[in-house]
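Worksheet: the structure to be examined is printed underneath.
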Amino acid sequence: MTPAPATTQNDVAARDDVAWWRRAAVYQVYVRSFRDTDGDGVGDMAGIVEKLPYLRDLGVDAVWVNPFYPNGGRDGGYDVSDHCDVDPRLGTLEDAERVIERAHELGLRVIYDVVPNHVSWEHPWFIEALAAGPGEPARDRFHFREGSGPDGAEPPNNWRSFFGGPAWTRVGESRWWYLHLFDEGQPDLNWEHPEVLERFDDVLRFWLDRGVDGFRVDVAHSIAKHPEWKDLEPGQDALEVGAEEHPYLDRDELHDIARRWRRVLDEYDDRMMVAEAYVHRTRRPLYVRPDEYHQAFNFEFLSVGWDADALGEMIPTVTAAAHEVDSTPTWVLSNHDQVRHTTRLGLPPDVNAKEWLLDGPHEALDAKLGLRRARAMALVMFALPGSAYVYQGEELGLPEVWDLPPSALRDPTWRRSGGTEKGRDGCRVPLPWEADAPNFGFGGEPWLPQPPRFRGRAADVQAGDPASVLELYRVALELRDRWCIEDEQVDLLDLPNGVVGFARGSGLRCIINMGDEPFTLPDGEVLLHSAGPAHTDGADLAPGDAVWLA
Ligand code: GLC
């Protein structure tokens with residue numbers, strides 16, 4: 001079995017000093033659900049400090065922490081009321097500094113989450129804007145518009161909130177409305193306002209001065225709005241970019257803002273920013289041009305599902321597109337907004353996982369199959385060039401908690417969709433650390449209830465068990481350092497239908513069997529790692545399994 005001709009040639013990695021972010025394994029901490037040290041049922045910054053050695057032992061290079069700032073409690077911390085402090089429920093500013101300091105002591109980098117598109121309605125600017133009244137300059141930092149209809153009683157235009165319903169909320173009985181692409185408690189900032197631009201430079205510097213290594217930039221694709229708030233065209237998707245110019249998604253103007261932030265980061269050594277940009281694949285490279293973001297999340301990996309053709313097409317295309325602008329690709333299987341992939345991959349291909357949460361049929365889930373496929377996909381992710389983003393709990397093989405009772409749900413999607421979308425709480429349930437401790441060692445009674453089935457997935461029962469997901473991840477991350485990062489090349493192998501494989505410059509080959517038939521592995525290669533039961537030389541790779549060979 002020989003590699004097909006190179007699909008991606010890249011000499012960037014020949015440099016001695018490859019920037020850390022180009023090939024980092026980054027662990028995402030959803031702080032409220034990670035580890036609660038003060039017993040209030042909500043994870044905290046001290047919990048991160050406590051568990052940093054666990055992350056070092058797992059073998060990741062960096063930690064991305066979801067927002068921990070003071071907030072209005074409307075969207076899991078994404079409604080920030082002060083960008084330069086810590087939510088008192090989660091700790092203090094010193095704790096946020098301690099996370100950076102302790103991580104650095106352990107050789108880990110830290111990425112904090114910045115949320116530029118909107119603030120909380122409890123942010124002093126928004127309070128000031130409401131108090132100031134129509135036409136006052138304090139309102140210009142936001143998007144206030146007069147409503148349509150005789151008394152201005154209808155929204156100014158037809159834009160939709162990502163969480164359901166109109167993207168506008170009326171100010172009392174007045175003619176004035178404000179824009180919020182998310183919850184009504186998250187008014188959108190006006191990024192044409194100089195004070196908004198200047199304030200964010202300061203926010204970045206505030207954390208850069210404290211030693212943070214990078215930023216994950218929230219909804220980087222929505223920051224710029226059409227200057228005249230143009231209506232969505234009939235048939236234009238409110239929430240997804242299509243061929244038409246979109247009035248609030250993926251607009252060209254937002255690249256100037258990214259360049260400005262990049263200049264701030266470039267005042268410091270070795271810092272990075274990664275964009276959450278839900279855009280068409282042909283547009284993603286624009287975000288990672290040399291003077292913009294360093295990286296952008298590649299959500300195609302997450303949505304490719306269990307489809308060999310799609311995976312085989314996507315890997316070289318996405319990699320080449322990133323390399324063309326001197327970035328590296330990123331690989332994401334799960335995050336705090338998505339149905340956990342262990343569950344997603346156990347659903348029939350025609351089932352929409354988000355709808356399935358509520359509508360079922362729940363017996364369609366094959367949890368065992370999902371877990372098996374999730375293990376295989378993890379090996380693919382870690383073998384690829386670029387950065388792998390791991391969402392907390394995926395290293396434990398946690399499933400989505402799809403059966404949370406409606407009374408427990410906290411995601412604004414549930415409320416704003418009028419109970420037609422269950423939302424994202426099922427992937428945010430607090431982690432099980434210890435099988436036999438109260439609340440599985442998370443801390444106090446968790447803000448989202450943990451199901452009994454989490455017990456078998458607790459970190460302490462998996463540690464040291466070679467068959468566990470935790471050990472699969474740990475060993476993969478250890479081998480990754482030796483086999484998967486020395487260059488950025490990936491060569492697709494010519495394999496039968498349903499089987500995808502690629503070779504790395506080191507000689508590592510990763511093969512995943514997404515078909516229905518066993519695939520006979522080539523002779524004479526050394527088995528480095530295996531997602532399923534250990535394979536021996538010349539053995540069959542069963543459907544649902546993946547291996548690393550050399
Ligand atoms: C991003 C976050 C999501 C949040 C939204 C609004 O998509 O990942 O959790 O709800 O932005 O800030």
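Using a basic spin-label model with each label point 7 Å from the Cα along Cα→Cβ, how many nm lie between Ala364 and Asn190?
Label-label distance for Ala364 and Asn190, simple model: 4.6 nm.
Give me, ordered by chain and number, the residues 5 or more places off Ala296 or on other chains with an amide H under 5 Å from its own placed amide H.
The list, which skips near neighbours in sequence, is Ala275.
Ignoring ligands, DNA and RNA, what accessible area per residue does the range 302-390 give at 1.4 Å, in Å²?
Details: 2970 Å² over 89 residues.
Normalised by residue count, the accessible surface of the range 302-390 is 33 Å².
Please find the FRET efficiency linking Glu154 to Asn352, where r is the Cβ-Cβ separation and R0 is fixed at 35 Å, and quote it to the nearest 0.05. All intermediate terms of the calculation are to be shown ahead of the outcome.
Numbers: r = 31 Å, r/R0 = 0.90.
E(calc), rounded to 0.05, equals 0.65.
Would you calculate the convex hull of the Cα atoms in the range 46-91 and tell me its volume per residue in Å³? Please list the in-between numbers first.
On the way: hull volume 3.7 nm³, N = 46.
Cα convex hull per residue, to the nearest whole number: 80 Å³.
Please list, by residue number, every one of the GluC sites (Glu not before Pro) in the range 219-286 that is coil in DSSP and has at most 13 other beta-carbon atoms within 10 Å. Provide the component values of the computation, followed by the final result.
On the way: sites: Glu228, Glu240, Glu244, Glu245, Glu253, Glu267, Glu276; in loops: Glu228, Glu240, Glu244, Glu245, Glu253, Glu267, Glu276.
Within the range 219-286, the qualifying GluC sites (Glu not before Pro) (loop, at most 13 other Cβ atoms within 10 Å) are Glu228, Glu240, Glu244, Glu253, Glu267.
What is the extension gain from Glu267 to Ala467, computed as 0.36 nm multiplied by their sequence separation minus the C-alpha to C-alpha distance, in nm to one decimal?
Working: separation 200, 0.36 × 200 = 72.00 nm, distance 4.62 nm.
So the chain would gain 67.4 nm between Glu267 and Ala467.
If you plug each phi of the range 315-327 into the Karplus form 6.51 cos²θ - 1.76 cosθ + 1.60 with θ = phi - 60°, what whole-Hz ³J(HN,Hα) values come out, in order, with x for Gly and Pro?
The phi angles translate into 4, x, 5, 5, 5, 4, 5, 5, 5, 4, 10, 6, 9 Hz.
Multiplying the sequence separation of Glu244 and Val526 by 0.36 nm and subtracting their Cα-Cα distance, what value in nm do you get?
Between Glu244 and Val526, full extension yields an extra 96.5 nm.
Divide, for the range 21-71, the radius of gyration over alpha carbons by 2.2 N^0.38 Å, where N is the residue count.
Details: Rg = 11.7 Å, N = 51, 2.2 N^0.38 = 9.8 Å.
Taking the Cα Rg and dividing by 2.2 N^0.38 Å, one obtains 1.19.
At 222 nm, what helix-only mean residue ellipticity would the chain give, in deg cm²/dmol to the nearest 500, using -39500 (n - 2.57) for each DSSP H run of four or more?
Details: 14 runs with 141 residues, N = 550.
Rounded to the nearest 500, the figure is -7500 deg cm²/dmol.
Please calculate the 1.4 Å probe accessible area of Asp481, with all protein chains present, and give it to the nearest 10 Å².
90
Tell me, what ³J(HN,Hα) does each residue in the range 527-532 have, in order and in whole Hz, if you take phi through Karplus 6.51 cos²θ - 1.76 cosθ + 1.60 with θ = phi - 60° and put x for Gly and Pro?
3J(HN,Hα) across the range 527-532, in whole Hz: 7, 8, 7, 8, 7, x.
Sort His529, His280, His180 by heavy-atom solvent-accessible area, probe 1.4 angstrom, most to least.
Working: His529 20, His280 95, His180 0 Å².
Per-residue accessible area, sorted high to low, gives His280, His529, His180.
Evaluate the relative contact order of the chain (contact order divided by residue number), counting alpha-carbon pairs under 8 angstrom at least 6 apart; express in whole percent. Can you show the working numbers first?
Values: 1176 pairs, mean separation 86.7, N = 550.
Relative contact order of the chain: 16 percent.
Efficiency by 1/(1 + (r/R0)^6): what FRET value for Ala310 and Asp516, r their Cβ-Cβ distance, R0 = 22 Å, to the nearest 0.05?
E(calc), rounded to 0.05, equals 0.85.
Remind me, relative contact order of the range 280-346 in percent, using alpha carbon pairs under 8 angstrom and six or more residues apart?
Numbers: 64 pairs, mean separation 26.0, N = 67.
So the answer I get is 39 percent.
If I model a spin label at Asp57 and His226 as a point 7 Å from the Cα along the Cα→Cβ vector, what separation in nanometres do I get?
5.5
Can you run the Rg to Rh ratio on the chain? Use alpha carbon positions and the Kirkwood inverse-distance Rh.
0.96
By accessible area of protein heavy atoms, probe 1.4 Å, what ranking do Ile111, Ile485 get, highest first? Don't jump to the answer; show the numbers that get you there.
Working: Ile111 0, Ile485 30 Å².
Descending accessible area places them as Ile485, Ile111.
For a Förster distance of 30 Å, can you work out the FRET efficiency between the beta-carbons of Glu324 and Glu101, rounded to the nearest 0.05?
Given R0 = 30 Å and the Cβ-Cβ separation, E is 0.20.
Provide the solvent-accessible area of Thr420, counting protein heavy atoms only and rolling a 1.4 Å probe, rounded to the nearest 10 Å².
100
Ignoring ligands, DNA and RNA, what percent of the 1.4 Å accessible area of the chain is carbon and sulfur?
Details: 10150 of 20670 Å².
C and S fraction of accessible area: 49 percent.
The values are calculated or read from the model by the stated rules, or taken from the named source; none is laboratory data. Only a predicted model underlies this, so the values are computations on that prediction, with no experimental measurement involved. Cβ atoms come from the backbone with ideal geometry, glycine included; neighbour counts cover every protein chain shown. These area figures cover heavy atoms from the full protein model, side chains too; ligands, DNA and RNA do not enter into them. Shrake-Rupley method; radii C 1.70, N 1.55, O 1.52, S 1.80 Å.
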